[in-house]
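Just below is one structure, and these are the notes that go with it.
Each reported figure results from applying straightforward, stated rules to the coordinates on display, with no laboratory input. Computed from a prediction, not measured in an experiment: that's the story for all the values here. Glycine gets a Cβ as well: all are built from the backbone with ideal geometry, and neighbour counts include every protein chain shown.
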2 protein chains.
Amino acid sequence: MLAEIITIGDEILIGQIVDTNSAWLGTELSKIGISVKQITSVSDDKQHILEALALAEKRADIIIMTGGLGPTKDDITKHTLCEYFKTSLIVNDAVLQNITSFFAKRNRPMLEVNNKQAEVLANCEILFNNHGTAPGMWIKHNNKVFISMPGVPFEMKGIMMDFGLDKLKRTFKLPFIYHRTILTQGLGESFLADKIKDWEDGLIAKEIKLAYLPSPGMVKLRLTAKGSDKQKIKTTVDAEADELYKLINEYIYGEEELGKTPPTFQSIVGEALTKHNKTISVAESCTGGYISHLITSIAGSSAYYKGSVVAYENEIKIAELNVNPETLKTYGAVSVECAKEMASGILKKFDTDYAIATTGIAGPTGETPDKPIGTVCIAVATKIEVTAQKFIFGTNRVRNIQMAADMALNMLNKAIK
Amino acid sequence: MLAEIITIGDEILIGQIVDTNSAWLGTELSKIGISVKQITSVSDDKQHILEALALAEKRADIIIMTGGLGPTKDDITKHTLCEYFKTSLIVNDAVLQNITSFFAKRNRPMLEVNNKQAEVLANCEILFNNHGTAPGMWIKHNNKVFISMPGVPFEMKGIMMDFGLDKLKRTFKLPFIYHRTILTQGLGESFLADKIKDWEDGLIAKEIKLAYLPSPGMVKLRLTAKGSDKQKIKTTVDAEADELYKLINEYIYGEEELGKTPPTFQSIVGEALTKHNKTISVAESCTGGYISHLITSIAGSSAYYKGSVVAYENEIKIAELNVNPETLKTYGAVSVECAKEMASGILKKFDTDYAIATTGIAGPTGETPDKPIGTVCIAVATKIEVTAQKFIFGTNRVRNIQMAADMALNMLNKAIK
């Protein structure tokens, strides 16, 4: 089954935004057995959209459009679609109700222009938008399926996750595709590849594809097989995944499941703390609040997270975290000694079961002869002991902050285990 | 002058990589007056590439291809191009020399497969690759220009910056394109449209295009005009931008410049604090460290940022931020009263010139009859006064946190002004 993605909007063509919708759709569609044949980005121009639609219809069975459904004047997609399908716009009462309650919930007045968002193609089925106002539209035409959605990534993803992907699975006879996506941290892509080389070589004969999906500090390994014999495919892939666990168990921190939000270090921390009924606090220097942000981005984190101190200044490390001025003088703020005192200090202050602390040089300035940019010390404290490790990440500030936060949370996970 | 970008590679279609090359090319081409008509992403498939080329040649004057020139894939792309242009591959001695020295410099052995990268189309001019091995190729064909480059972003950018963009400027008589992109916060897309309706209606006669680019809590407004009379176009657009400032001045927080990193609330805060030599601290509840993270993501923030307390628990609000227990009893933790005390508390504790504080219900649970999910109170304190406002954002936890953080930083910006 072939799909084509058409993204509409001048902002993509002049490079003002990077088209991340297509990559997300490509991933999600291929997971359910639909191959993306082409991605086409066109301007907010009626004639151009019409031509793109006609060509896409020749190439693909499923045409997915994003963009051009906002309430303002530069959005012309709906009228263009009316012309393409020789239909007209009608007000959909359920959508109007959805929009009205969207504004009511936010205590905001509704404008005439928002009413227009309840106008949908007469020949469409609605894919409700639980995250915004403009709905998705599903149109059957010449035995092909056309889906039109707003371009705001979070709304588009919501519509696909809530309704679109399921409806595609029900509408088309798709091959069975089975994935296992194993999440690793602590070993670079090429070292990982070297460690699992022999195992990887054996996958070809079993018709299993392996993909390395690296991101800073982490590598996802995705095993994929497809066909019609569900049980056989599942058994073969699962057996190979078991082998992989044996080879690199210490680097695996979780697994991604289809249709579920992938686990993150902070979600695993949250589950573990909830399960053991334990609490946590954080003392941050170089990560500047990012660890606290990751922890509190999890719904329900107030059950186990009490609070943090972000201590950028040394005086705050001393006054709030009880770091000994002598430690700062002897070892410097970026030291395992300081990290340990910070972790112990916040644990006591906020009376929690666990605490993590970070101190380092995120960059781009601040390096010393023996402490290059990317040097980060991370400590984990429990009521019994406090341990710390020193890392040297890279030279990019934002990535150093991310990698330090991930490492700190994973160290905590291991401590809880 | 119209261009089409063709990106070649299965990894784009299955969503394994996000196509950032096209956005970069879109930006750089529009700066020199070339409009990108379409972006097409196709698979590593000969027939599909041939069709894409034929269609692109009909639509555009300049066809820019990226991808498919690596040492493993070049059989597909280069041979496909040979077929399209009815030409053959020849070894280019200068390129071979370049590749040989590339490996020599890095002390790496050269493989047979690397020799093949010196094979180029017989009808092309070389665009040297100073950052890798596969060269760019410039082909004139049917009065159109085709450029083929490797897909690795930094090699592609290098080739364009070193040779491609200059050669395009010398080859074509290009119109002048002028953009102004104005950043607004605090007014939804439809309310903004309503406010500037009359002004917007007047743009057509002046041949200025307006685009609304919304993201959570913010809307970018982009004015675009093109033609040959540089001065006239610039004057006309700038005059309209001035009018726009008069209409919605209170919502404008900055402007984006093509080719520069766009300003963010935290970068504007950073510049303002640096300029006035002032310091800041933060007390966060519902934003859970995100404001501190945004502030510290800016390089050099240690000059003005001292630290934060993330006080998720009420006891921490009382003990660390000096919030009066009576305030919590009377108004609750989610109240402008509590936000004000938190801001004053952290300002005093960390002895800074400014402080911001947030307290709210990020969701998905925690709502009360009079405080729905998304209710957030934000306070800004100076040494003289403390002000606070109550907002009701949406129902999505992550977005509520983002919107509250952006709003808090923008309120601080206004206070500094």
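General remarks:
- Viscosity 1.306 mPa s, temperature 10 °C, Stokes-Einstein D of region B:165-207 from Kirkwood C-alpha radius, µm²/s: 115 µm²/s
- Those lysines that a straight Cα-Cα span of less than 18 Å connects to A:Lys317, excepting residues fewer than 8 apart in one chain: A:Lys329, A:Lys340, A:Lys348, A:Lys349, B:Lys306, B:Lys348, B:Lys349
- Rh (Kirkwood; distinct C-alpha pairs) - the protein assembly as shown, Å: 29.1 Å
- Alpha-carbon centroids, region A:199-237 and region B:93-131: separation in whole Å: 35 Å
- Computed over every Cα-Cα pair of region B:132-277 and binned at 10 Å starting from 0, the pair-distance distribution P(r) comes out as 9, 28, 26, 23, 12, 1, 0 percent.
- Region B:40-69 and region B:163-192: distance between their alpha carbon centers, rounded to Å: 25 Å
- Here the simple spin-label model places points 7 Å from the Cα toward Cβ, and for B:Asp351 and A:Thr235 these points are separated by 7.3 nm.
- When each full DSSP H helix of chain B is screened for a Cα extent of at least 24 Å along its own axis and an average Kyte-Doolittle hydropathy of at least 0.0, the helices passing are B:397-416.
- Cβ-derived FRET efficiency at R0 45 Å, A:Ile76 paired with A:Lys105, nearest 0.05: 0.95
- Sorted from longest to shortest, the spans of the Cα atoms of chain B along the three principal axes equal 84, 58, 42 Å.
- Relative contact order for region A:337-417, counting Cα pairs under 8 Å that sit 6 or more residues apart, in percent: 28 percent
- Over region A:2-171: Rg over Rh, Cα atoms, Kirkwood Rh: 0.94
- Percent of C-alpha pairs per 10 Å bin, region A:277-347, short to long: 21, 49, 23, 6, 0
- The modelled label-to-label distance for the pair B:Tyr331/B:Lys173, using points 7 Å beyond Cα in the direction of Cβ, is 6.8 nm.
- This ranking places A:Ser302, A:Ser308 by how few other beta-carbon atoms lie within 10 Å of each, fewest first, which gives A:Ser302, A:Ser308.
- Total lysine pairs whose alpha carbons fall under 17 Å of each other in region B:176-256 (8 or more apart, or interchain): 17
- Using every pair of distinct Cα positions in region B:252-304, the Kirkwood expression returns a hydrodynamic radius of 12.2 angstrom.
- Legend: calculated FRET efficiency, A:Glu271 to A:Thr27, from the Cβ-Cβ distance at R0 = 25 Å, rounded to 0.05, equals 0.50.
- Net charge of Cβ neighbours under 12 Å - reference A:Ala239; Lys, Arg +1; Asp, Glu -1: +1
- Once the C-beta distance of A:Tyr245 and A:Glu315 is scaled by a Förster radius of 41 Å, the resulting FRET efficiency is 0.30 to the nearest 0.05.
- The count of lysine pairs in region B:53-163 whose Cα atoms are under 12 Å apart, excluding pairs fewer than 8 places apart on the same chain, comes to 4.
- Spin-label pair B:Asp166/A:Asp166, simplified geometry with 7 Å Cα→Cβ offset, distance in nm: 5.8 nm
- Which of B:His131, A:His293, A:His276 has the fewest Cβ neighbours within 10 Å, and the rest in rising order: A:His276, B:His131, A:His293
- Residue-averaged [θ]222 nm for the protein assembly as shown, counting only DSSP H segments that reach four residues, each worth -39500 (n - 2.57): -12000 deg cm²/dmol
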